[in-house]
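Visitor: Below is the structure I would like to discuss, written out as structure tokens.
The values are calculated or read from the model by the stated rules, or taken from the named source; none is laboratory data. The shown structure was predicted, so the numbers you read here are calculated from the model rather than taken from an experiment. Positions of Cβ are generated from backbone atoms using ideal geometry, with glycine treated the same way; all protein chains shown enter the neighbour counts. Calculation scope for accessible area: heavy atoms of the full protein, side chains included, ligands and nucleic acids excluded. Shrake-Rupley method; radii C 1.70, N 1.55, O 1.52, S 1.80 Å.
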Amino acid sequence: MVIKDFVKGLWHENPVFIQVLGMCPTLAVTTKAVFGLSMGLATTFVVVCSSVVISSIRKLVPAQVRIPMFTVIIATFVTAADYFLKANFFEISKALGPYVPLIVVNCLILGRAEAFASKQGVGRSFFDALGMGVGFTFALVILGSVREILGAGTIFGYRIMWQGFTNWIVMVLPAGAFITLGLLVGVFNVIDKAVQKKSS
Amino acid sequence: MGNNFLAKIFNNEIVRIIFALVLVGVLSGAVLVFIYNYSMPKIKVNIQKETEKAINTIFPGAASNSPTKDKGVYSVKDSTGKVIGYAFIAEGNGYQGLIKLLAGADAKISILKGIEVLESSETPGLGAEINTESFQKQFVGLPLTHDIEYVKNQKPEKPYQIEAITGATISSRAVVNILNGKINEIKKTLK
């Protein structure tokens, strides 16, 4: 059960490729793989912590005000993540700029709180959130890698394209984010269909 | 009777809602105080280190620096105590938010020694390229007798020109404008 909760976030309910949630950071920060990774990890931290807290207080929350309460809890963890990055990973925090505070409005997190953590036990909520967080990170790193390789000729800062390779500037522009995301969602679906065909 | 009264109040839905909201707010506030106390000293050290590092990058021969009476302007001295230039913080609006620069000029404020970006929230991959060395080294040695200008998609022809970043003209222009504004200001105050 717990393993199922974890694994579904990686593939069948992947927040980016299947649910298409949290598009603002997905599109905005994935110009480089390292930004995708750090944004993914920060989001994972927030979704795991807030899911655990929300799940453990779920019986005390009056239904009418659950959204504002969830939002306050999420905002607390986002601020914690933001300050932690600023204190310990100053360079990355500078590069991500306003997108770390903006995790508050990432619908992936409120979505997990509303759809899962507010109804399930702490253990299941933890693994559900962890799966979603890892799935989100995985998607952002792939997106960031593709855009960095084609847009800057590097991956995680290491040059891998040949000398004289012309950077595809469009890939680091917003348009490149949409193009890459669209193609990746397509690829994801093709693989998914092939796998399903094989197993049936 | 007193207990009855309390129970009545607590069974009231509105009271329960207010209580829950206040409680979650107070607890979050308390958690944030701890986080703030833990991280703020570290963040301050980071910012200070960054300013020091920026000054030392712009002035390789710098031995010490001290704030002048103008806020955000530092006089930079070499090991003999001679003033070799001035470092100054200049900030203004970029494409998406504040851009904070540290720039250095020689003692006569006639040549720009270089710039470093301390803070910016420009678009990653585009405007954020103002953080790269290749953009910043264009400013080294620019004469300050003329306002700095930028050109697009071509090599600079005049000594006081720099080439704007492709796809990020607004950010490049912001850097140039912020510098020009501050340089004209300190030219007046330091002379």
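Visitor: State all residues of the stretch A:50-75 that are within 11 Å of chain B (Cβ to nearest Cβ) and more than 13 Å from A:Val104 (Cα to Cα); if no residue qualifies, say none.
Guide: A:Val53, A:Ile54, A:Ile57, A:Leu60, A:Val61, A:Pro62, A:Ala63, A:Gln64, A:Val65, A:Arg66
Visitor: Residue pairs, Cβ under 6 Å, 6 or more apart or interchain, first in the stretch B:6-24 and within 23 Å of A:Val72 (Cα to Cα) and more than 11 Å from every other protein chain (Cβ to nearest Cβ), second at pLDDT below 90 and open to solvent by 100 Å² or more (accessible area, probe 1.4 Å). List them.
Guide: none
Visitor: Please name all residue pairs, on different chains or six or more residues apart, with Cβ atoms under 8 Å, provided the first residue is in the stretch B:158-173 and is closer than 20 Å to A:Val170 by Cβ and away from every other protein chain (no Cβ under 13 Å) and the second residue is of a type in the set (Phe, Trp, Tyr) and open to solvent by less than 20 Å² (accessible area, probe 1.4 Å).
Guide: B:Ser172/B:Phe135
Visitor: Assuming B:Ser39 fulfils every condition listed in (1) in a strand (DSSP E or B); (2) more than 18 Å from the chain's Cα centre (by Cα) apart from one, which condition is it?
Guide: (1)
Visitor: Could we say that B:Val76 is in the same structural domain as B:Glu185 (by TED's automatic domain parsing), open to solvent by 20 Å² or more (accessible area, probe 1.4 Å) and over 30 Å from A:Val29 (Cα atoms) here?
Guide: Taking the combined requirement at face value, the residue does not satisfy it.
Visitor: Hey, can you tell me all the residues within the stretch B:96-108 that are open to solvent by 10 Å² or more (accessible area, probe 1.4 Å) and either closer than 24 Å to B:Lys187 by Cβ or free of Cβ contacts under 8 Å to residues at least 24 places away in the same chain (or both)?
Guide: B:Leu98, B:Lys100, B:Asp106, B:Ala107, B:Lys108 - these are the residues of the stretch B:96-108 that are open to solvent by 10 Å² or more (accessible area, probe 1.4 Å) and either closer than 24 Å to B:Lys187 by Cβ or free of Cβ contacts under 8 Å to residues at least 24 places away in the same chain (or both).
Visitor: Right, next: Out of curiosity, is B:Leu144 touching a helix residue (DSSP H, G or I) at 6+ places or on another chain (Cβ under 9 Å), of a type outside the set (Phe, Trp, Tyr) and either closer than 30 Å to A:Ser93 by Cβ or not assigned by TED's automatic domain parsing to the domain that holds B:Lys71 (or both)? First the steps, then the outcome.
Guide: Numbers: touching a helix residue (DSSP H, G or I) at 6+ places or on another chain (Cβ under 9 Å): yes; of a type outside the set (Phe, Trp, Tyr): yes; either closer than 30 Å to A:Ser93 by Cβ or not assigned by TED's automatic domain parsing to the domain that holds B:Lys71 (or both): no.
Against the criterion (touching a helix residue (DSSP H, G or I) at 6+ places or on another chain (Cβ under 9 Å), of a type outside the set (Phe, Trp, Tyr) and either closer than 30 Å to A:Ser93 by Cβ or not assigned by TED's automatic domain parsing to the domain that holds B:Lys71 (or both)), B:Leu144 does not qualify.
Visitor: From the set of residues in the stretch A:79-130 that are of a type in the set (Val, Ile, Thr) and more than 26 Å from B:Met40 (Cα to Cα), which is nearest to the other protein chains (Cβ to nearest Cβ)? Talk me through it step by step, then tell me what you get.
Guide: Step one: list which residues in the stretch A:79-130 are of a type in the set (Val, Ile, Thr), which gives A:79, A:92, A:100, A:103-105, A:109, A:122.
From what's left, more than 26 Å from B:Met40 (Cα to Cα): A:109, A:122.
Numbers: A:Ile109: 15, A:Val122: 17 Å.
Applying the filter and picking the extreme gives A:Ile109.
Visitor: Checking the structure you have, find out if any residue of the stretch B:129-139 is under 23 Å from A:Phe90 (Cα atoms), within 14 Å of chain A (Cβ to nearest Cβ) and in contact (Cβ under 8 Å) with a residue 24 or more places away in the chain.
Guide: For the stretch B:129-139, residues under 23 Å from A:Phe90 (Cα atoms), within 14 Å of chain A (Cβ to nearest Cβ) and in contact (Cβ under 8 Å) with a residue 24 or more places away in the chain: present.
Visitor: Can you tell me which residues in the stretch A:33-58 are touching a Ser or Thr at 6+ places or on another chain (Cβ under 8 Å) and open to solvent by 10 Å² or more (accessible area, probe 1.4 Å)?
Guide: If the condition is that a residue be touching a Ser or Thr at 6+ places or on another chain (Cβ under 8 Å) and open to solvent by 10 Å² or more (accessible area, probe 1.4 Å), then A:Leu37, A:Leu41, A:Thr44, A:Val52, A:Arg58 are the ones that fit.
Visitor: For B:Asn37, all conditions in the list (1) polar (S, T, N, Q); (2) open to solvent by 70 Å² or more (accessible area, probe 1.4 Å); (3) more than 9 Å from chain A (Cβ to nearest Cβ); (4) touching a residue at least 24 places away in the same chain (Cβ under 8 Å) hold save one; what is the number of the exception?
Guide: (4)
Visitor: Also, quick follow-up: Does A:Val61 satisfy being open to solvent by less than 20 Å² (accessible area, probe 1.4 Å), modelled with pLDDT under 95 and more than 25 Å from B:Asn131 (Cα to Cα)?
Guide: For A:Val61, the condition - open to solvent by less than 20 Å² (accessible area, probe 1.4 Å), modelled with pLDDT under 95 and more than 25 Å from B:Asn131 (Cα to Cα) - is not met.
Visitor: Can you name the residue in the stretch A:1-44 that is within 12 Å of the chain's Cα centre (by Cα), part of a loop (DSSP other than H, G, I, E, B) and more than 14 Å from chain B (Cβ to nearest Cβ) and, of all such residues, is nearest to A:Val187 (Cα to Cα)?
Guide: A:Phe17
Visitor: So, one more: Quick one: which strands (runs of 3 or more DSSP E) lie wholly within the stretch B:54-136 and hold at least 2 residues that are modelled with pLDDT of 85 or more?
Guide: Fully inside the stretch B:54-136 and qualifying: B:73-77, B:83-93, B:98-106, B:112-119.
Visitor: Here's a follow-up. Here are B:Asn93, B:Asn65: which of them is among the polar types (S, T, N, Q), away from chain A (no Cβ under 11 Å), under 23 Å from B:Ile148 (Cα atoms) and in contact (Cβ under 8 Å) with a residue 12 or more places away in the chain? Working first, answer last.
Guide: Working: B:Asn65 fails: under 23 Å from B:Ile148 (Cα atoms).
The conditions single out B:Asn93.
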